[in-house]
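A.B. asks: For reference, the structure I am asking about is given below.
Bear in mind these aren't lab numbers, they're just calculated from the coordinates by the rules spelled out. Being a predicted model, the structure only gives us computed values, none of them experimental. Here the Cβ positions follow ideal geometry from the backbone for every residue, glycine too, while neighbour counts run over all protein chains shown.
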Amino acid sequence: MTKPTSFEQNLQRDLLALEETTGAPEIFRLAQARRSALAQEKSSESSFFWPAFGISAASLLLAGVMLQGQLGLNYQQEASNNEVLLEFEDDQLDLYQDLDFYYWLADIDMDSAS
Amino acid sequence: MENTVAVVADKQLPYTTVEQFLKHIERRAFHMARLGTGNADSAMDIVQDSMYKLVEKYSTKQPLEWKPLFYRILSSRLTDYYRRKAVRDRLFVWSKSTSVDSEDSFPDALARAPGRNSETPDEMLMRSQRIQQLDRSVQQLPNRQRQAFMLRCWEGLSTIETAIAMEISEGSVKTHYSRAMHALRDMLEDYRHD
């Protein structure tokens, strides 16, 4: 950057002096403008919080419901599996009883044949 | 945006929060807008709008970037103002003389301003007259020249920072600034300094 000339320096000095001539009503209005601009930032932060909180809560609730459903489904599945096993065990018992009967019958046939 | 941080990284900043930044810049921005519009109320609206925009969109940016961004917004708002004014002037030619954008009574503020303790009444008067003359001369510059002059000479932005703020090339900034200085030299021929 080139060094400012004395003319530029004088202009700069007077422009800075011009800033100092700002009247009290203008300073007050500028402060108001600044505060309202900054307040908008804070309100946008809080307005973002509630929708975000709502979405998070709804997601958690949905996840809870789904998990609950999944657990219930597992329990039902387990119960039906147990029933199948019991039925299977009953069938096996009958089979063994039948097998005993057939062995007995075979022994009788063998005895009578001999 | 170009790498603004790299452009202004070597500067010491007198602010770290947006509030401090706005406080630091608001008076200068107001006077720049006033010189651009010739009306204190319009200038106030433009500055307020620029503050809103900066806080809304760029408050999360690094403090180094705020100044060029703020002046870019201000420049854009001034351009919008000139466009609207041009349309309004074309539509309401007959009411131009009673337009609200006629020169406002801001120079009265000069009279309200406290003088420096070291100044004699004569010096205060001379300073006041000089500032009024400068005020009028700057208002007479074409828009782009005035913007380049104010950002470079008043705000002390570099050529590249001014280019970012005005959304033009560095070459154009140099041209506008040079022409503005030329015009001011002519207009302020009788400009006397301490």
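A.B. asks: Run the simple label-point estimate for A:I55 and B:R88 please: 7 Å along Cα→C-beta, distance reported in nm.
C.D. replies: In this crude spin-label approximation the distance works out to 4.0 nm.
A.B. asks: Another question, if that's okay. Would you mind putting B:65-78, B:161-174, B:14-27 in packing order, based on average other-beta-carbon counts within 10 Å, highest first? Intermediate results must be reported in sequence, preceding the final value.
C.D. replies: Numbers: B:65-78: 21.9, B:161-174: 18.9, B:14-27: 17.1.
In decreasing order of mean packing, B:65-78, B:161-174, B:14-27 become B:65-78, B:161-174, B:14-27.
A.B. asks: Subtract the Cα-Cα distance of A:S36 and A:L86 from 0.36 nm times their separation in residues, and report this length gain in nm to one decimal.
C.D. replies: Between A:S36 and A:L86, full extension yields 10.5 nm more.
A.B. asks: How long, wide and thick is chain A, going by the Cα atoms along their three principal axes, in whole angstroms, largest first?
C.D. replies: Per principal axis, max minus min of the Cα coordinates gives 141, 38, 7 Å.
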